[in-house]
Amino acid sequence: MSKIVQKSRAAGFNTPNRFEKLYIDYNDDVNLEYNPDDEEIRIPTTFYLDNSKSILAHNNSPDLHFDYSINPYRGCEHGCIYCYARPSHEYLGFSAGLDFETKIMVKMDAPKLLEKQFRNKKWKAQHIMFSGDTDCYQPVERKLQITRKCIEVFKKFKHPVGLITKNALVLRDIDLLSEMAKENMAAVTISITSLNRELSRKLEPRTSVPSQRLETVEKLTNAGIPAVVLVSPVIPGLTDEEIPAILKAASERGAKHAAHTLMRLPFSVKDLFVDWLNRNYPEKTSRIINRIHEVRGGKLSDSEFGIRMSGSGEYAESIHRLFQISCDKYGLNKEKLKIDYSKFNHTAFEQGELF
């Protein structure tokens, strides 16, 4: 029996949920060898209401530069095969595999919860980043506009905000962000993994293509919004050689700041990624796996604070040197990004609330 290939999805299957005691693999009798003639099917996306009572997640990792993150969605239809957030779906009873891409939790109350937080007298303005886990501009945001409504709350209370995304949809909100940027209260990070459209389509099937992301950087910059280019994740043996080209292209589009992280594959993401390699680049699989081992101490992942984002070893150091040399060559990170937290106001109100 041939395997069914999920069209427009990166994951090839649902991995077992590590919190479930019983797992039955109904594909045990299926030939799991990839065949390009396998039947393709479309798996629809299902959305569920998420009734969380809070919207800000506190970050206790020294590897991240923000204090709190805000994620209007849990699960992500972008479907990036390497996504470190995939295992978080297991807390909801789903799989980190196809479920992560097709079963999306939606926080419709996010704007109200955010406003409630900002009105709390104990709250102090600090670094909040959209998309600490999943992309706030994934496809459904076009209709639901939860992220936009949250940005309106940030603007209303004069609270700075940062956003990370792989989607050009952020340009829809350029009106709000440009006004905030005038007061040093907004910055947008555009994540670019590869400039190779074919590779990007396989790695990140429902994200904006690389050319659109570069165009987004240019339009944000022209609107006065600081645009940071995040070369992430750098995949050893697959995308690391693209670092100079990505930074050159970003600089030409007006970017002044850049950052990078090495790919990490926590829990079942390892199995999903190896399966993806075997399906898409079987001739490169051994080389890429060996390179990952080199930067992860002989493993495929390392969760230790301090090195989980950067890796270790000579090959990792060569990647970091390449990034730094390229930044210097293209004039990136010459100045510090300015964010002003002094304007935050607990008692913000819209015109009309006085009456």
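Check whether at least one residue in the range 239-248 is closer than 30 Å to Leu220 by Cβ, part of a loop (DSSP other than H, G, I, E, B) and either aliphatic (A, V, I, L, M) or in contact with a His (Cβ under 7 Å, 6 or more places away or on another chain) (or both), and report yes or no.
Step one: of the range 239-248, the residues closer than 30 Å to Leu220 by Cβ are 239-248.
From what's left, part of a loop (DSSP other than H, G, I, E, B): 239.
So of that shortlist, the ones also either aliphatic (A, V, I, L, M) or in contact with a His (Cβ under 7 Å, 6 or more places away or on another chain) (or both) come out as none.
Within the range 239-248 (the criterion being closer than 30 Å to Leu220 by Cβ, part of a loop (DSSP other than H, G, I, E, B) and either aliphatic (A, V, I, L, M) or in contact with a His (Cβ under 7 Å, 6 or more places away or on another chain) (or both)), the answer is no, since none of the residues qualifies.
Residue check: Glu252 meets all listed conditions (1) surrounded by fewer than 20 Cβ atoms within 10 Å (Cβ to Cβ); (2) under 22 Å from Glu77 (Cα atoms); (3) of a type in the set (Asp, Glu) but one, namely (2).
Residues in the range 273-306 that are in a helix (DSSP H, G or I) and under 22 Å from Leu98 (Cα atoms): Phe273, Val274, Asp275, Trp276, Leu277, Asn278, Arg279, Asn280, Thr285. The criterion of being at pLDDT 95 or above, among the acidic types (Asp, Glu), within 30 Å of Asn280 (Cα to Cα) and in a helix (DSSP H, G or I) does not hold for Glu152. Please indicate, with yes or no, whether at least one residue in the range 252-264 is assigned to a loop (DSSP other than H, G, I, E, B) and modelled with pLDDT under 95. Scanning the range 252-264 turns up at least one residue that is assigned to a loop (DSSP other than H, G, I, E, B) and modelled with pLDDT under 95.
Candidates in the range 299-314 are the residues that are touching a residue at least 24 places away in the same chain (Cβ under 8 Å) and touching a Gly at 6+ places or on another chain (Cβ under 9 Å); of these, the one that is surrounded by the most Cβ atoms within 10 Å (Cβ to Cβ) is Gly311. Would you say Thr216 is over 28 Å from Ile292 (Cβ atoms), surrounded by fewer than 20 Cβ atoms within 10 Å (Cβ to Cβ) and either hydroxyl-bearing (Ser, Thr, Tyr) or modelled with pLDDT under 95 (or both)? When the stated conditions are applied, Thr216 does not pass them. Among the residues examined, Lys270 qualifies as among the basic types (Lys, Arg), within 23 Å of the chain's Cα centre (by Cα) and in a helix (DSSP H, G or I).
Considering the range 123-149, the residues that are in a loop (DSSP other than H, G, I, E, B) and aromatic (Phe, Trp, Tyr) include one that is farthest from Ile70 (Cα to Cα), namely Trp123. Looking across Ile174, Ile190, Ile243, Ile225, one residue alone is farther than 22 Å from Pro72 by Cβ, surrounded by 17 or more Cβ atoms within 10 Å (Cβ to Cβ) and not charged (D, E, K, R). It is Ile243. I want to confirm something. Restricting to the range 147-168 and keeping residues that are within 19 Å of Glu77 (Cβ to Cβ) and out of contact with any helix residue (DSSP H, G or I) (no Cβ under 6 Å at 6 or more places or on another chain), which single residue is surrounded by the fewest Cβ atoms within 10 Å (Cβ to Cβ)? This residue is Ile164.
Could you identify the single residue in Phe94, Phe130 that is closer than 27 Å to Phe154 by Cβ, touching a residue at least 12 places away in the same chain (Cβ under 8 Å), among the aromatic types (Phe, Trp, Tyr) and surrounded by 21 or more Cβ atoms within 10 Å (Cβ to Cβ)?
Numbers: Phe94 fails: closer than 27 Å to Phe154 by Cβ.
That would be Phe130, the only listed residue that is closer than 27 Å to Phe154 by Cβ, touching a residue at least 12 places away in the same chain (Cβ under 8 Å), among the aromatic types (Phe, Trp, Tyr) and surrounded by 21 or more Cβ atoms within 10 Å (Cβ to Cβ).
In this structure, Glu335 qualifies as under 30 Å from Phe154 (Cα atoms), in contact (Cβ under 8 Å) with a residue 40 or more places away in the chain and either assigned to a loop (DSSP other than H, G, I, E, B) or not β-branched (Val, Ile, Thr) (or both).
The values are calculated or read from the model by the stated rules, or taken from the named source; none is laboratory data. The structure displayed is predicted, hence computed values, not measured ones. Cβ: placed from backbone, ideal geometry, glycine included. Neighbour counts: every protein chain shown.
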